[in-house]
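Asks: Sharing a structure here in structure tokens format.
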Amino acid sequence: MSLPHAILTALLEKPSSGLELTRRFDKSIGYFWSATHQQIYRELGRLEESGLIRELPSEVPVRGQKKEYEVLPAGGAELARWVAESQDPKPMRDPLLLRIRAAGVVGPQGLGPELRRHLELHRHQLAQYEAIEEKDFPPERDAVEDRLRRLVLHGGIALETFWLHWLEEALGEVEDMSGPQA
């Protein structure tokens, strides 16, 4: 049930339309909790039906105007309840790890280019996270909200750093088994 909570979080940060939410997901929350635009719009309807959010009143109703939503007190209470709830970590499901396991059966031929591609993707993601930290989190931004957002970003940086080290190790192993063009 994390998508509704991700939407409640984003709306508490700033009341938004569905389109604005999808853009914000693409730029921030989407780095660690992805959702399609369709899923976001569908969930907005459910949250509104549940009385957790409402459409902001418009000064001048215009046909085709985008709806903006805000969180109601019940939505804030639900988010606070969820934050305090206990939850076990989710098992990892990564197709690359499964492919490496399968290579143990069929051989590592052809695995090298995919490992190199993943290495570049993780280098790019790490660079993005570091740029976000430099731009959005200067040392003087020390409010509780900023510290918690920075903490999430540091989790992303640590994961990307892990993947870089692990992929370099995996690529070295695969090349050792099959030669540099594996």
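The values are calculated or read from the model by the stated rules, or taken from the named source; none is laboratory data. Please read these numbers as outputs of a predicted model, since none were measured by experiment. In this analysis, Cβ positions are derived from the backbone assuming ideal geometry, glycine residues included, and neighbour counts consider all displayed protein chains. Just so you know, the surface numbers come from the protein's heavy atoms only, side chains and all, with ligands and any DNA or RNA stripped out. Shrake-Rupley method; radii C 1.70, N 1.55, O 1.52, S 1.80 Å.
Asks: Among the candidates Leu47, Leu98, which residue alone is in contact with a Pro (Cβ under 8 Å, 6 or more places away or on another chain), farther than 24 Å from Leu153 by Cβ and not in a loop (DSSP other than H, G, I, E, B)?
Replies: The conditions single out Leu47.
Asks: Would you pick out the residues in the range 1-30 that are loosely packed, with under 14 Cβ neighbours inside 10 Å and in contact (Cβ under 8 Å) with a residue 60 or more places away in the chain?
Replies: Matches in the range 1-30: Met1 only.
Asks: Being within 23 Å of Lys135 (Cα to Cα) and touching a strand residue (DSSP E or B) at 6+ places or on another chain (Cβ under 9 Å), is that true of even one residue in the range 62-78?
Replies: The answer is no, given that none of the residues of the range 62-78 is within 23 Å of Lys135 (Cα to Cα) and touching a strand residue (DSSP E or B) at 6+ places or on another chain (Cβ under 9 Å).
Asks: Of all residues being touching a residue at least 24 places away in the same chain (Cβ under 8 Å) and within 25 Å of Gly156 (Cβ to Cβ) in the range 31-44, which is most open to solvent (accessible area, probe 1.4 Å)? Just the residue, please.
Replies: Filtering the range 31-44 for residues that are touching a residue at least 24 places away in the same chain (Cβ under 8 Å) and within 25 Å of Gly156 (Cβ to Cβ), the one most open to solvent (accessible area, probe 1.4 Å) comes out as Phe32.
Asks: Here is a further query. Of the residues that sit in the range 121-135 and are more than 18 Å from Ala10 (Cα to Cα) and of a type in the set (A, V, I, L, M, F, W, C), which one is surrounded by the most Cβ atoms within 10 Å (Cβ to Cβ)? Working first, answer last.
Replies: Keep residues of the range 121-135 that are more than 18 Å from Ala10 (Cα to Cα), which gives 121-131, 133-135.
After this cut, where a residue has to be of a type in the set (A, V, I, L, M, F, W, C) as well, the list is 121, 126-127, 131.
Details: Leu121: 13, Leu126: 18, Ala127: 11, Ala131: 10.
Checked the range 121-135; the qualifying residue surrounded by the most Cβ atoms within 10 Å (Cβ to Cβ) is Leu126.
Asks: Step by step: first the residues of the range 91-134, then only those that are within 18 Å of the chain's Cα centre (by Cα) and of a type in the set (Gly, Ala, Ser), then the one that is modelled with the highest pLDDT. Which residue is that?
Replies: Taking the candidates together, the pick is Ala127.
Asks: Could you list all residues from the range 104-152 that are touching a helix residue (DSSP H, G or I) at 6+ places or on another chain (Cβ under 9 Å) and β-branched (Val, Ile, Thr)?
Replies: Passing the criteria: Ile132, Val152.
Asks: Would you mind stating whether Tyr69 is closer than 28 Å to Arg24 by Cβ and touching a Gly at 6+ places or on another chain (Cβ under 7 Å)?
Replies: So Tyr69 does not fit the description; no.
Asks: Those residues that are outside any helix (DSSP H, G or I) and more than 18 Å from Leu148 (Cβ to Cβ), I need them from the range 10-44; list them, please.
Replies: Within the range 10-44, Pro15, Ser16, Ser17, Ser34, Ala35, Thr36 meet the criteria.
Asks: Just the residues that are closer than 19 Å to Lys14 by Cα, among the hydrophobic types (A, V, I, L, M, F, W, C) and not in a loop (DSSP other than H, G, I, E, B), please, taken from the range 136-154.
Replies: Here is the first cut: in the range 136-154, the residues closer than 19 Å to Lys14 by Cα are 136-137, 141, 143-150, 152.
From the residues that got through so far, the ones that are among the hydrophobic types (A, V, I, L, M, F, W, C) too are 137, 143-144, 148, 152.
Matches in the range 136-154: Val144, Leu148, Val152.
Asks: Can you name the number of the only condition in (1) over 27 Å from Leu96 (Cα atoms); (2) in a helix (DSSP H, G or I); (3) open to solvent by less than 60 Å² (accessible area, probe 1.4 Å) that Leu164 fails?
Replies: Every listed condition holds for Leu164 apart from (1).
Asks: Suppose the filter is closer than 19 Å to Phe32 by Cα and out of contact with any Pro (no Cβ under 6 Å at 6 or more places or on another chain); does Val83 pass it?
Replies: Numbers: closer than 19 Å to Phe32 by Cα: yes; out of contact with any Pro (no Cβ under 6 Å at 6 or more places or on another chain): yes.
Criteria met by Val83.
Asks: Going by the structure shown, is Arg99 touching an Asp or Glu at 6+ places or on another chain (Cβ under 8 Å) and open to solvent by 70 Å² or more (accessible area, probe 1.4 Å)?
Replies: Yes; evaluated as a whole, the condition is true for this residue.
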